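Any read-out appearing in this document is the output of simple, stated calculations on the displayed coordinates, not a laboratory observation. What you see is a predicted model, and the numbers here were worked out from it, not measured in a lab. Cβ: placed from backbone, ideal geometry, glycine included. Neighbour counts: every protein chain shown.
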């Protein structure tokens, strides 16, 4: 389903909200007529929430799935998604993340994405990684180029007049931990719709719909060519940016600062999957304060990223586009390596 169809889609369905906790407040003042709530908390069954009945999720099994839409308003979306799949409901057809609906039922969000298509048709661009090989002098070299940067790249700003053309954050942890710094980045931003709760709606934020990876063992890896449908994170913000660049018509991409080599020290495994607590400086980024002591962070999954980078190379080259690696130092051997000084002579 395209984003432009969402508002009409909701009006044609019986709306059921899964969840009555704090997260459900995102649906307040959204002009969505809710038929009833369901919740896994047995103490809430048979009660009212916002003057609307709350039932057991088992109630959903009595419905004709073609007639309903379930909005999951819970921080436990992953677990609830499995539950709904077991009921026979289909994600992004029978059920959606409530925050996604709130964000994308606004037509202006869709129109903003449409305006980005082929905006830089046939041009080249630089995608900036935040590895140790990233140098301030190289950022200065690309001041007049189209560039995509991400996450804590703003740590470089005090040392350079360069600013990225586009800035991307897809990790909700990064979005939550750096709200003020990210808000101060004065450029067009692309962010995951799930981070919307941390930021007011703004014209410089283009909200993206994250598409979930299906089981891809022995199957083709996903790559989105149409941002109005959504993006796949590919375990890396770089992969997201490659999809954004493709959608904008970029012909040649040059990676810079993509070392693909993390040496993270003094870490403690958190209870959340793929999240760590860093208790000291790491050696995986260009700035010594990139990850502060005690900060919660996600472990980079290089083996998964590698598979998706191979997919990106295939998609680009099959459409007569190219990706090069201009990083000063890198272990990413998928893309042809080039010397930045030859691309942009002094």
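Before moving on, here are some points about what is shown:
- Nearest-ten-degree value, helix 77-87 long axis tilted from longest Cα axis of the chain: 50
- Average Cα contact separation per residue, the chain, under 8 Å, 6 or more apart, as relative contact order %: 15
- Counting every other Cβ atom within 10 Å of each residue's Cβ, 123, 225 order from fewest to most as 225, 123.
- The protection proxy used here, the mean number of other Cβ atoms lying within 10 Å of each residue, ranks peptides 138-150, 53-65 as follows, highest first: 138-150, 53-65.
- Prolate/oblate/rounded label for region 104-216 (Cα gyration tensor, a/c 1.5): prolate
- Residue-averaged [θ]222 nm for the chain, counting only DSSP H segments that reach four residues, each worth -39500 (n - 2.57): -6500 deg cm²/dmol
- For 192, 8, 206, 337, the sequence from fewest to most other C-beta atoms within 10 Å is 8, 337, 206, 192.
- Antiparallel DSSP beta bridges within the chain, percent to nearest 5: 20
- Of all DSSP beta bridges in region 11-71, antiparallel share, percent nearest 5: 20
- For the pair residue 341 and residue 144 in one chain, pulling the backbone fully straight at 0.36 nm per residue adds 69.5 nm over the alpha carbon distance.
- Exposure proxy ranking for 133, 24, based on other Cβ atoms within 10 angstrom of each Cβ and starting from the fewest, stands as 133, 24.
- Cα gyration tensor shape of region 3-105, rounded if a/c is under 1.5, else prolate or oblate by comparing a/b with b/c: rounded
- Between 0 and 90°, nearest 10: helix 237-247 axis offset from the chain longest Cα axis: 90
- Seen against the Cα atoms of the chain and their longest principal axis, helix 302-318 is set at about 80 degrees.
- Gain on full stretching of the segment that runs from residue 310 to residue 92 - 0.36 nm per residue minus C-alpha separation: 75.8 nm
- Three-way shape label, the chain, alpha-carbon gyration tensor, a/c 1.5: prolate
- What separates the Cα centres of region 119-196 and region 7-39 is a distance of 35 Å.
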